[in-house]
Amino acid sequence: MSGLAAPIAARAAGDVMIEAYGVSKVFGSLRALDSVSLSARRGTVLGLLGHNGAGKTTLVNVLAAALPPSSGRAAVAGFDVTRDPREVRKRIGLTGQFASVDPQLSGRDNLVLLARLLGADRRSARARADELLELFGLQAFAARRPGTYSGGLRRRLDLAASLVGHPAVIFLDEPTTGLDPSSRIGLWEIVEDLVAGGTTVLLTTQYLDEADRLADSITVLSAGAVIASGTAAELKAQVGKRTVTVTPAPAAGPAVACAALRHAGLEPVPDRENGTVVVAIEASKDVAEVIRALDRAGVEATELSFREPSLDDVYLALAGRSAGAAS
Ligand SMILES: Nc1ncnc2c1ncn2[C@@H]1O[C@H](COP(=O)(O)OP(=O)(O)O)[C@@H](O)[C@H]1O
Ligand SMILES: [Mg+2]
């Protein structure tokens with residue numbers, strides 16, 4: 001392999017590949033990161049969710065040993081980012097929101113050059129470039145310059161470039177921002193394949209559906225601080241409400257349906273505009289309770305829908321809560 005690091009066996013205890021403890025980063029009077037702690041195990045995706053300016057890129061740069069933390073401690077693949085920045089850099093792949101490729105070179109030559117810079121001889125550099133071009137479905141575009149690529153192709157080349165050295169950990173900073181839906185899904189599939197192969201991924205995103213689909217665990221960042229963390233399901237359970245929406249038959253109407261549900265100990269809320277009744281329930285099995293209550297009272301429903309809380313609900317609730325606490 002002459003120079004291209006083979007997949008790394010983690011020195012980190014318990015296979016924790018990314019860890020941060022109380023990491024803060026101060027720019028002048030701005031506290032861009034405020035005592036952030038998180039961790040990710042090998043072969044998992046850690047989703048870092050936050051709006052513009054939340055501190056996502058700053059945290060990625062600290063973890064990538066590209067920016068020293070003002071305080072706190074962070075380690076990647078078992079190496080401390082402050083004490084062993086070179087060891088960290090050898091083991092990570094970093095992609096940006098903008099392609100970091102040379103526009104003068106063809107897609108393939110970009111990958112070959114990167115492999116050469118990492119110490120591969122000419123033959124293995126070409127072999128690695130071709131392997132990645134195939135993996136990313138870029139062969140047909142290999143001879144063209146990245147400047148002629150579509151946004152989706154450029155993002156794929158950028159990701160391929162970050163993988164040249166077989167990194168154990170990759171940082172994807174908003175990898176799908178600005179991509180069309182089919183390119184987004186293509187990129188998600190690539191990430192899923194990488195993770196299945198044991199790569200650990202830290203993915204920053206502003207998109208809740210992306211974190212929901214890809215992340216094993218999610219850390220929500222707001223104004224530099226962690227406001228929530230857990231699996232998507234845990235976050236939803238924390239703040240989101242499951243609801244059943246009943247559309248009573250015209251003969252009954254919302255008022256009658258409400259009375260029937262209240263009689264059963266439920267707390268219905270009429271939605272007069274839509275002529276429906278919304279009931280918050282604890283668990284999905286409580287849907288049956290709603291149906292029984294209506295049936296007992298002889299109230300017919302033309303439609304009944306069940307809704308799980310979305311990550312959007314979670315995000316709005318948490319962001320609102322932290323904004324309230326700050327003011
Ligand atoms: N080099 C820097 N100097 C001063 N302020 C910075 C610097 N980098 C980032 N910031 C500020 O830190 C905050 C977090 O930025 P960033 O990490 O880029 O957020 P995100 O990636 O979540 O959009 C922002 O207010 C940004 O303006
Ligand atoms: Mg950013």
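The values are calculated or read from the model by the stated rules, or taken from the named source; none is laboratory data. Being a predicted model, the structure only gives us computed values, none of them experimental. All Cβ positions, glycine included, derive from the backbone under ideal geometry; neighbour counts span all protein chains shown. When the accessible area is computed, the model is the full protein with side chains, heavy atoms only, and any ligands, DNA or RNA have been set aside. Shrake-Rupley method; radii C 1.70, N 1.55, O 1.52, S 1.80 Å.
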Report summary line: Expressed to one decimal in nm², the mean projection of the alpha carbon convex hull of the chain is 21.2 nm²
Query raised in the report: Looking only at Q104, Q206, Q139, which one moves most when the chain is put into a Gaussian network model with springs between Cα atoms under 10 Å?
Result: Q104
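Please report the antiparallel percentage of DSSP beta bridges with both residues in the chain, rounded to the nearest 5.
Working: 35 of 53 bridges.
Percent antiparallel among DSSP bridges in the chain is about 65.
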Query raised in the report: Pairing the Cα long axis of helix 253-263 with the longest principal axis of the chain, what angle in degrees results, from 0 to 90 and rounded to the nearest 10?
Result: 90 degrees
Requested in this report: Determine the per residue accessible area of region 13-237 with all protein chains present and a 1.4 angstrom probe, expressed in square angstrom.
Outcome: 43 Å²
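At a threshold of 8 angstrom on Cα-Cα distance, excluding pairs fewer than six apart, so keeping six or more, what relative contact order does region 13-237 reach in percent?
Computed value for region 13-237: 29 percent relative contact order.
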Query raised in the report: So which residue, out of A297, A40, A228, gets the largest mean-square fluctuation from a GNM of the chain using Cα contacts under 10 Å as springs?
Result: A297
Query raised in the report: Tell me, what HN-Hα J-couplings in whole Hz come from the Karplus equation 6.51 cos²θ - 1.76 cosθ + 1.60 at θ = phi - 60° for each residue of region 149-158, using x for Gly and Pro?
Result: 6, 6, x, x, 5, 5, 5, 5, 5, 4
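For D295 and E234, what does the FRET efficiency come to when R0 = 35 Å and r is the distance between their Cβ atoms, rounded to the nearest 0.05? Walk me through the numbers before you get to the answer.
Working: r = 34 Å, r/R0 = 0.97.
Here the calculated transfer efficiency is 0.55.
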**Report entry** Residues in region 240-270 that a label on D286 would reach, taking backbone N under 19 Å of a point 7 Å out along Cα→Cβ
**Finding:** 240-247, 257-270
Report summary line: Place a point 7 Å from the Cα of L304 in the direction of its beta carbon; the residues of region 251-275 whose amide N falls under 13 Å from it are 261
Query raised in the report: Got a sec to turn the phi values of region 164-173 into Karplus ³J(HN,Hα) couplings, 6.51 cos²θ - 1.76 cosθ + 1.60 with θ = phi - 60°, whole Hz, x for Gly and Pro?
Result: 3, x, 6, x, 7, 10, 10, 10, 10, 9
Query - Lysine pairs in the chain with Cα atoms under 26 Å, if 8 or more residues apart or on separate chains - result: 6
Query raised in the report: Hey, in the GNM for the chain with a 10 angstrom Cα cutoff, which one of A161, A249, A237 fluctuates hardest?
Result: A249
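What's the ranking of 284-293, 75-84, 183-192 by average number of surrounding C-beta atoms within 10 Å, highest first?
Numbers: 284-293: 14.9, 75-84: 20.1, 183-192: 17.0.
Going by the mean number of other Cβ atoms within 10 Å, highest first, we get 75-84, 183-192, 284-293.
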Report task. On a C-alpha basis, how far is the centre of region 175-226 from the centre of region 26-86 in Å? Whole number, if you could? Result -> 17 Å
Requested in this report: Please list, in chain and number order, the residues 5+ apart from L94 or on another chain whose amide H is under 5 Å from its amide H, with Hs placed from the backbone.
Outcome: F171
Query raised in the report: If one takes the longest principal axis of the Cα atoms in the chain, at what angle in degrees, from 0 to 90 and to the nearest 10, does the Cα axis of helix 287-296 lie?
Result: 10 degrees
Report task. Please give the peptides 151-157, 20-26 ranked by average Cβ packing (other Cβ atoms within 10 Å per residue), highest first, as a rough proxy for protection. Result -> 151-157, 20-26
Report summary line: Of every hundred units of 1.4 Å-probe accessible area on the chain, the number belonging to carbon and sulfur atoms, as a percent, is 51 percent
